[in-house]
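Undergrad: One structure, as structure tokens, below. Some questions next.
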Amino acid sequence: MSLTSAATLATLDRTGPRRITDLAAVEGVTQPAMTTLVRVMEESGLVERRGDASDKRVTLVCLTEAGASYLRTRRQAGVHAFERLIGELTGDEVEALVAALPALKHLAELENQDREGPKQ
């Protein structure tokens, strides 16, 4: 799976259903590229398209249970990889990582704000 596909699934998980144009803007790709990506993920069962109850002209891309499960599995694999690697660090290195956690959390929050764009 491409990084853009994985990032799109994570965006849908974090923010809920979105228009293709919104997803394209958030992920930094063109609308036609996002349309193609969504079609491939839809064929794989990771996302589905649904109508917007508030505007019948709009189609939203939604994460399916299979897509959510894929994300959980991928995230858990990342956790296990970090656990293994952190286990190889010295005590001082682990302490340095713990001390850096607030700054890393803040960076992640800033990145999420940038990816989600201005609040409507």
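The values are calculated or read from the model by the stated rules, or taken from the named source; none is laboratory data. Keep in mind that this is a model prediction, so the values were computed, not measured. Backbone-built Cβ (ideal geometry, glycine too); neighbour counts: all protein chains shown. We work out accessible area using only protein heavy atoms, side chains counted, and drop any ligands, DNA or RNA first. Shrake-Rupley method; radii C 1.70, N 1.55, O 1.52, S 1.80 Å.
Undergrad: Whether any residue in region 44-51 is more than 21 Å from Asn112 (Cβ to Cβ), assigned to a strand (DSSP E or B) and small (Gly, Ala, Ser) is what I want to check.
TA: Yes, region 44-51 has at least one match.
Undergrad: For region 61-97, which positions are open to solvent by 90 Å² or more (accessible area, probe 1.4 Å) and more than 30 Å from Thr35 (Cα to Cα)?
TA: Within region 61-97, His80, Phe82, Glu83, Arg84, Glu88, Asp92, Glu95 qualify.
Undergrad: Out of Val40, Val58, Val26, Val47, which single residue is open to solvent by 50 Å² or more (accessible area, probe 1.4 Å) and of a type in the set (A, V, I, L, M)?
TA: None of the other options fit; the residue is Val40.
Undergrad: Then there is this: Please go through region 5-25 and pick out each residue that is over 19 Å from Tyr70 (Cβ atoms) and of a type outside the set (Ser, Thr, Tyr).
TA: Within region 5-25, Arg19, Ile20, Asp22, Ala24, Ala25 meet the criteria.
Undergrad: Here is a further query. Of (1) free of Cβ contacts under 8 Å to residues at least 40 places away in the same chain; (2) more than 17 Å from Asn112 (Cβ to Cβ); (3) surrounded by fewer than 19 Cβ atoms within 10 Å (Cβ to Cβ), Pro17 satisfies all except one. Which?
TA: Condition (1) is where Pro17 drops out.
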